[in-house]
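Shown next, in structure tokens, is the structure this report addresses.
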Amino acid sequence: MNDSPTTAPLHCGRHRLDLSYPRVMGILNVTPDSFSDGGQHTLLDDALRHAERMLAEGAAIIDVGGESTRPGASPVSPQQELDRVAPVVEHLVRELDALVSVDTSAPEVMREVSRLGAGMLNDVRALRREGALQAAACSGLPVCLMHMIGEPGDMQQAPHYDVDIEDAVLTFLDERIAACESAGLRRSRLILDPGFGFGKTVEHNLRLLNRMDQLKILGLPLLAGMSRKSMIGKVLERPVEERLAGGLALAALAVERGARILRVHDVGPSVDAVDMTWAVLQEGLEP
Ligand code: 7PM
């Protein structure tokens, strides 16, 4: 049961990522404003300490982001993004031998971080930027393709789809897979993500999670990122710092619906929720 492309190990540079069970990806934001006014040194120190903690808590992957892909974030040049992300990637790879993913849409950043030893690329724009397909193909790294209509700046203005959201996501991802394959990116290197919270209403997000298993038809590993998102805030009426329990419920459900990578802020509790869910799903299936 380990040779389906959905659960086969991913070749992430020097790392192999075993996807025969669901894994947790820890979010590491490297943005000046996400840490108080300590300057560059503290920023790096804090980021590294946080990453070490997430690894100790069981994160299989650390997803490093320089904020250019965040909804509503002011655009950051590829050079600025690299200045933030590169020192963190370098350290995590060299000192901690971590499997590092980089949340970026910029081809320049993709090329440089693959040189620095990153093991995965995560692009919320699904390689639609000029030159991104080629850069990702050259890197030889697995890429997470996320569904999003529009750009982070405008996507939340009255999201509308002419077809059911799950069909829109399926069609979009299928088209991006084809674009990747035409650019020489091997299908076996792709991971798919429905893009919770990106250009979607709460109703879209809930429906999409409930029907996420329909994306399994594409035959690739699925990633879900719902940690602390507004879909939790809106259903439970909780501010961002009170969304952990809601997020754990969503992570458990995503695993049941076929997700093999869960992108989260709270790694320790998420690993427990995912492992517990997995134990139930496995019961009776083992010989
Ligand atoms: C503000 C709003 C800050 C939203 C950050 C975010 C995903 C991602 C992000 C996801 C993949 C967040 C998002 N979300 N990459 N990057 N999937 N693959 O909540 O759902 O982390 S940024």
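Computed across the chain, the Kirkwood radius stands at 18.9 Å (inverse of mean 1/r, all Cα pairs).
The distance between label points at R94 and Y161 comes to 4.4 nm (points 7 Å beyond Cα on the Cα→Cβ vector). Taking amide H as placed 1.01 Å from N in the peptide plane, the amide H of F196 sits under 5 Å from that of G225, each at least 5 places away or on another chain.
Among all the lysines, which ones have a C-alpha under 18 Å from K200's C-alpha, if same-chain residues fewer than 8 places away are not counted? Result set, ordered by chain and number: K229, K234. For V280 and R53, the FRET efficiency from 1/(1 + (r/R0)^6), where r spans their Cβ atoms and R0 equals 25 Å, is about 0.35. Annotation: the antiparallel percentage among DSSP beta bridges lying fully within the stretch 10-281 is about 10. When the solvent-accessible area of the chain is split by element, carbon and sulfur atoms take up 51 percent of it, the probe being 1.4 Å. 3J(HN,Hα) along the stretch 190-198: 9, 10, 10, 9, x, x, 4, x, 9 Hz, from the Karplus curve 6.51 cos²θ - 1.76 cosθ + 1.60 with θ = phi - 60°, whole Hz, x for Gly and Pro. Normalised per residue, the accessible area of the chain is 45 Å², obtained with a 1.4 Å probe and no contribution from ligands, DNA or RNA. If R0 is 30 Å, what FRET efficiency do you get for R16 and R129 from their C-beta distance, rounded to 0.05? Calculated transfer efficiency: 0.60. Note on D213 and T42: with the Förster distance fixed at 45 Å, the Cβ-Cβ geometry gives a FRET efficiency of about 0.55. Mean separation of Cα pairs under 8 Å and 6 or more residues apart, divided by the residue count, gives the chain a relative contact order of 20 percent.
The values are calculated or read from the model by the stated rules, or taken from the named source; none is laboratory data. Computed from a predicted structure; not experimentally measured. In this analysis, Cβ positions are derived from the backbone assuming ideal geometry, glycine residues included, and neighbour counts consider all displayed protein chains. Heads up: the accessible areas ignore ligands, DNA and RNA and are worked out on the full protein's heavy atoms, side chains in. Shrake-Rupley method; radii C 1.70, N 1.55, O 1.52, S 1.80 Å.
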